[in-house]
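Below you'll find the structure, written out as structure tokens, and then a few comments.
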Amino acid sequence: CASETFGYEFTVRGALSQILLLAQAKAIASVPAAPQEERMKAMLAWIDAHLESEIRMEDLAREAHVCQRVCQRLFQRYLHCRPMEYCMQKRVMAAAWMLSTTDEPVTNIAVKYAFSSPSHFSRQFRLATGCTPSEYREKSHQA
């Protein structure tokens, strides 16, 4: 791990997710998905499509045609986290990718991914990665 480039964890995590999705699709191709799984897929797709705007629980639940409590239970069951925690993780991962691949100012990235302020973005980014967005960018460009 010491010889890996900075931020490789995000790349590995994304690749593993893709592998798992492909393996599951092959293994269960003939078995119809349970309604709960279909709802979960719809919510995850909706989140991916709306990362750049404010995501509210009621909108997410409405997308899956469930109440907010059922939405929370589905996330807990399948992803072991709360819906808004998942959204925050996705936003931070998307921001990390932008930081490592572009020279876009940190403030613009914070605005792009609907963080309430640059300081909120920095705080959430530090919680998720252990460093500030600027430090992350610097380390990723050094690697």
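The values are calculated or read from the model by the stated rules, or taken from the named source; none is laboratory data. Quantities reported herein were computed from a predicted structural model and do not represent experimental measurements. Quick reminder, even Gly has a Cβ in these numbers, built from the backbone with ideal geometry, and neighbours come from all protein chains shown. Keep in mind that these areas ignore ligands, DNA and RNA; they rest on the heavy atoms of the full protein, side chains included. Shrake-Rupley method; radii C 1.70, N 1.55, O 1.52, S 1.80 Å.
For the reader, a short list of remarks on this structure follows.
- Given (1) modelled with pLDDT of 90 or more; (2) open to solvent by 60 Å² or more (accessible area, probe 1.4 Å); (3) farther than 26 Å from PHE121 by Cβ, index of the condition GLN72 fails: (3)
- Qualifying residues in the stretch 106-143 (those that are in a loop (DSSP other than H, G, I, E, B) and farther than 17 Å from GLU4 by Cβ) - the one nearest to the chain's Cα centre (by Cα): TYR113
- Residue in the stretch 75-84 that is farthest from ALA34 (Cα to Cα), counting only those that are part of a helix (DSSP H, G or I) and open to solvent by 10 Å² or more (accessible area, probe 1.4 Å): MET84
- Cβ separations smaller than 9 Å between residues 6+ apart or across chains give the following pairs from the stretch 55-70 residues that are within 11 Å of PRO83 (Cα to Cα) to residues that are open to solvent by less than 50 Å² (accessible area, probe 1.4 Å) and part of a loop (DSSP other than H, G, I, E, B): ILE55/ALA114.
- The lone criterion from (1) in a helix (DSSP H, G or I); (2) in contact with a helix residue (DSSP H, G or I) (Cβ under 8 Å, 6 or more places away or on another chain) left unmet by ARG69 is number (2).
- Some residue of the stretch 17-24 being under 30 Å from CYS131 (Cβ atoms), small (Gly, Ala, Ser), in a helix (DSSP H, G or I) and modelled with pLDDT under 85: yes
- As a summary of the residue check, GLU54 satisfies the conditions (1) at pLDDT 90 or above; (2) part of a helix (DSSP H, G or I); (3) among the charged types (D, E, K, R) except for the one numbered (2).
- Conditions (1) under 22 Å from GLU138 (Cα atoms); (2) open to solvent by 40 Å² or more (accessible area, probe 1.4 Å); (3) in contact (Cβ under 8 Å) with a residue 24 or more places away in the chain; (4) not in a helix (DSSP H, G or I); number of the one not met by ASP103: (3)
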